[in-house]
Amino acid sequence: MDEGLDVVSTQAPLAEAPAAPQLWPLSERPGFLARRMHQIHVSLFSERCAAFGVTPLQYSLLSLLRDLREADQTTLANAVALDRTTTTGALKRLAARGLVSRSTSPTDRRAQICRLTEEGAALHGAMEPAARAAHALTVAGLTPAERERLTELLGRVIAGHDHRRGQAEIA
């Protein structure tokens, strides 16, 4: 190389190194904690309620029908915050077991009216202590006041996102 020639670099100048991302442990992420709590609850529910062959969603639907006496599938889907297709599938499985009756609405031929059958009411009553135990075990590490506060806070978070009820968030 000639000593008198300057070498011109074609590389861009080195930029400052980006700052290291701030650590954000999973144990501090609300979404992760909510998912773990849900996993724990479903596991406890499954352990306590396996003999009944009812999923947490199905139990919620049975509970709603016990309280409402009857409701159309859209009302039930909204109440459990799921899409109509998922809710309808769960209701069809309950109906196949004779726990729920479904009939066409006399005022809207597109709507299915659901009612708890005697068998459904009996099953719900039989499994309620086990389901309540699963809920209690989910929050067993908290004091009664903390349980109440957690339920209140979860309700507030959910109320703040009520417009997302039944929407799929992942494309």
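Just to verify a number: FRET efficiency for residue 64 and residue 146, C-beta to C-beta distance, R0 = 30 Å, to 0.05?
Plugging the Cβ-Cβ distance into 1/(1 + (r/R0)^6) gives 0.65.
If you take the beta carbon distance between residue 81 and residue 24 as r and set R0 to 30 Å, what does 1/(1 + (r/R0)^6) give as a FRET efficiency, to the nearest 0.05?
Efficiency, from the Cβ-Cβ distance: 0.65.
Once the other residues with Cβ under 9 Å from the Cβ of residue 134 are scored (Lys, Arg +1; Asp, Glu -1), what is the net sum?
+1
Only Cα pairs within less than 10 Å get springs; with that Gaussian network setup on the chain, which residue of 42, 54, 157 has the largest fluctuation?
Maximum among the listed residues: 157.
Tell me the label-point distance for the pair residue 55, residue 104, using the 7 Å Cα-to-Cβ offset, in nm and rounded to one decimal.
2.8 nm
Which one of 47, 128, 16 has the biggest mean-square fluctuation once the chain is modelled by GNM with Cα springs under 10 Å?
Of 47, 128, 16, the Gaussian network model singles out 16 as fluctuating most.
Express the C-alpha Rg of segment 59-171 as a ratio against the empirical globular expectation 2.2 N^0.38 Å, rounded to two decimals.
1.23
Keeping the other protein chains in place, figure out the carbon and sulfur percent of the accessible area of segment 38-115, with a 1.4 Å probe. Write down the numbers at each step before the final one.
Details: 2240 of 4360 Å².
The computed percentage sits at 51.
If you roll a 1.4 Å probe over the heavy atoms of the protein chains, what accessible area per residue do you get for segment 31-171, in Å²?
64 Å²
Using the Karplus curve 6.51 cos²θ - 1.76 cosθ + 1.60 with θ = phi - 60°, what ³J(HN,Hα) values do you get for each residue of segment 101-117, in whole Hz, with x for Gly and Pro?
With the stated coefficients, segment 101-117 comes to 9, 10, 9, 5, 5, x, 9, 8, 4, 7, 8, 9, 8, 10, 9, 6, 7 Hz.
The values are calculated or read from the model by the stated rules, or taken from the named source; none is laboratory data. These numbers were taken from a predicted model, which means no experiment stands behind them. Glycine gets a Cβ as well: all are built from the backbone with ideal geometry, and neighbour counts include every protein chain shown. Ligands, DNA and RNA are stripped out before the accessible areas are found, and what is left, the full protein with its side chains, is counted by its heavy atoms. Shrake-Rupley method; radii C 1.70, N 1.55, O 1.52, S 1.80 Å.
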